[in-house]
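The structure under discussion appears below in the form of C-alpha cells.
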Number of protein chains: 2
Amino acid sequence: MNFCSHCGSAALVFRVPEGDNMPRFVCSNCDTIHYQNPKVVVGCLPTWNRQVLLCKRAIEPRLGLWTLPAGFLENSETIGAGAMRETLEEANARVELGPLFTVISLPDISQVYMMFTARLLDLDFGPGTESLEVRLFEEDEIPWEQLAFRTIARTLRSYFLDRKDGQLGLHVSAIRRRAAVSPAMAAAA
Amino acid sequence: MNFCSHCGSAALVFRVPEGDNMPRFVCSNCDTIHYQNPKVVVGCLPTWNRQVLLCKRAIEPRLGLWTLPAGFLENSETIGAGAMRETLEEANARVELGPLFTVISLPDISQVYMMFTARLLDLDFGPGTESLEVRLFEEDEIPWEQLAFRTIARTLRSYFLDRKDGQLGLHVSAIRRRAAVSPAMAAAA
C-alpha cells in the first residue's frame with residue numbers, strides 16, 4: 001500500500017490509530033484508516049462412494065500438484081455457496097454439501113480455510129480453467145507426496161480417519177509456518 | 001475506492017479481469033487488481049455455571065444494546081486467539097475456549113461470524129473501552145429485545161436449546177437482510 005485509495009495521497013503512515021491497539025495504514029491527508037484482515041478460503045471434499053475427487057492445479061502456486069476444490073470466498077456470498085462455486089469452477093462438478101468439516105487458521109498468511117464434506121451428484125466432472133486434470137481417488141491412491149497444501153493434506157487425513165471411526169466430526173485447528181531447518185540440523189536429525 | 005493504492009492513479013475501472021468472472025477494481029495505469037473479500041468476526045459465548053456474559057455496547061453501531069464479545073479477526077491471528085482477544089478487550093475477561101459453536105454467513109454485509117462457547121476462568125471481568133457494562137445473565141434474564149445483532153440472538157438461542165438437549169452442536173447458517181415490509185403488508189399480517 002503506497003497511496004491512500006480514498007484521496008490518492010502518498011502521505012500514508014503505518015501507526016496505531018487513536019483508540020486502537022494495532023498499527024494500520026492511516027492517511028495523514030484525509031484520516032482514512034485502511035484495515036487489512038484475513039481472507040476466507042472455502043472449498044469441499046467431494047466424494048463418490050468410497051472415492052475422493054482431487055484437482056491437479058493448472059496455476060501457481062503449486063502448479064501440477066493435487067488439491068481439493070477451494071478458493072477465496074467472495075463478497076455477498078455465504079460460505080456454502082462459495083464452496084459450491086469453487087467446486088463448479090475448478091472441477092465442473094455439482095455437489096450436495098455435507099457438514100462443515102475442517103476450519104484451519106493460517107496466521108502466517110492471514111487465511112482461514114473452511115472445508116465442507118460433499119457428495120458428487122453425478123460423474124459429469126472435468127477440469128476447469130484452473131485445473132489440468134480432475135479425477136477420483138481411492139484412499140490408497142491419494143498422492144500424499146504430491147498434494148498442493150498442508151490444509152488439503154490435513155483435511156484428507158482427518159476425513160479418512162473419521163471415516164474409519166464411522167463418524168465425521170468438525171476439526172478446528174491452526175497450521176503455522178514450519179521452522180527453518182539448517183543443513184546441519186537436518187543432517188543431525 | 002477512488003485511487004489505486006499501488007500507484008496512486010485515479011484510472012480505476014470496475015470490470016471483470018481476464019480469466020476472472022467477477023468485477024474488480026482494476027488500475028488502468030499499473031494493472032493492479034484490487035480484490036475485496038468478506039471479513040471474519042470472531043467471538044465467544046462466555047459462561048459461568050448457568051449464566052452467560054453479555055456486554056452493553058459503548059460504540060456505534062447499536063450503542064446501548066447487548067452483545068457477546070466479538071470483533072474482526074486480525075491479520076496473523078488464529079480464530080481462537082481472536083475470540084479470546086476480543087473477550088479480553090470488551091469484557092476484560094479471561095476464558096477457556098470450548099468448541100466452535102456457530103458459523104453464520106452474512107452475505108449482505110460480506111461478513112462471516114464464528115462464535116465459540118467458552119468458560120470464564122474467574123469473575124474478575126468488567127467493561128473495556130467499547131463496553132458500557134458487562135454482566136452475567138441467567139437464561140430468563142436475557143434482554144432478547146435489547147440484543148445488538150441477529151447473529152448474537154441466534155447464537156444465544158442455539159445455546160439455550162442445545163443446553164436443554166444436553167449437547168452442544170455446531171450450527172452453520174446464514175442470515176439475510178430482512179425484506180422491506182410496506183405498512184399495508186404489515187397491517188394485513
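The values are calculated or read from the model by the stated rules, or taken from the named source; none is laboratory data. Only a predicted model underlies this, so the values are computations on that prediction, with no experimental measurement involved. So basically every Cβ, Gly included, is an ideal-geometry build from the backbone, and we count neighbours across all protein chains shown. To get the accessible areas, we keep the full protein, side chains included, count just its heavy atoms, and leave off ligands, DNA and RNA. Shrake-Rupley method; radii C 1.70, N 1.55, O 1.52, S 1.80 Å.
Among residues of segment A:55-100 being away from every other protein chain (no Cβ under 11 Å) and assigned to a strand (DSSP E or B), the one that is surrounded by the fewest Cβ atoms within 10 Å (Cβ to Cβ) is A:E96. Scan segment A:27-38 for residues that are more than 11 Å from every other protein chain (Cβ to nearest Cβ) and not in a loop (DSSP other than H, G, I, E, B) and the total you get is 1.
Residues in segment B:3-26 that are within 28 Å of the chain's Cα centre (by Cα), at the interface with chain A (Cβ under 7 Å from one of its Cβ atoms) and of a type outside the set (A, V, I, L, M, F, W, C): B:S5 alone. Can you tell me which condition B:T129 does not meet? The list is (1) open to solvent by 10 Å² or more (accessible area, probe 1.4 Å); (2) within 13 Å of chain A (Cβ to nearest Cβ); (3) touching a strand residue (DSSP E or B) at 6+ places or on another chain (Cβ under 9 Å), and all the others hold. Here B:T129 meets the rest and fails (3).
If the condition is being within 22 Å of B:P38 (Cβ to Cβ) and in a strand (DSSP E or B), then segment A:118-132 contributes only A:A118. Taken over segment A:10-26, the residue count meeting the criterion of being outside any loop (DSSP other than H, G, I, E, B) and surrounded by 13 or more Cβ atoms within 10 Å (Cβ to Cβ) is 5. Among the candidates A:V41, A:V52, A:V103, A:V112, the residue that is open to solvent by less than 50 Å² (accessible area, probe 1.4 Å), touching a residue at least 40 places away in the same chain (Cβ under 8 Å), more than 13 Å from every other protein chain (Cβ to nearest Cβ) and among the β-branched types (V, I, T) is uniquely A:V52. Any residue at all in segment A:144-161 that is without any contact (Cβ under 8 Å) to a residue 12 or more places away in the chain, more than 19 Å from the chain's Cα centre (by Cα) and either under 30 Å from B:A81 (Cα atoms) or assigned to a loop (DSSP other than H, G, I, E, B) (or both)? Taking every residue of segment A:144-161 in turn, at least one turns out to be without any contact (Cβ under 8 Å) to a residue 12 or more places away in the chain, more than 19 Å from the chain's Cα centre (by Cα) and either under 30 Å from B:A81 (Cα atoms) or assigned to a loop (DSSP other than H, G, I, E, B) (or both).
Can you tell me which residue is least open to solvent (accessible area, probe 1.4 Å) among those in segment A:146-179 that are touching a Pro at 6+ places or on another chain (Cβ under 8 Å) and either among the polar types (S, T, N, Q) or closer than 16 Å to A:A118 by Cα (or both)? Quick ask: steps written out before the conclusion?
Of segment A:146-179, the ones touching a Pro at 6+ places or on another chain (Cβ under 8 Å) are A:148, A:168, A:170, A:172, A:174, A:176.
From the residues that got through so far, the ones that are either among the polar types (S, T, N, Q) or closer than 16 Å to A:A118 by Cα (or both) too are A:168, A:170.
Numbers: A:L168: 79, A:L170: 59 Å².
Only one residue fits best here, namely A:L170.
The residue list A:L63, A:L88 contains one member that is within 21 Å of A:R154 (Cα to Cα) and among the aliphatic types (A, V, I, L, M), which is A:L63. The single condition among (1) at pLDDT below 95; (2) open to solvent by 50 Å² or more (accessible area, probe 1.4 Å) that B:S182 does not satisfy is (2).
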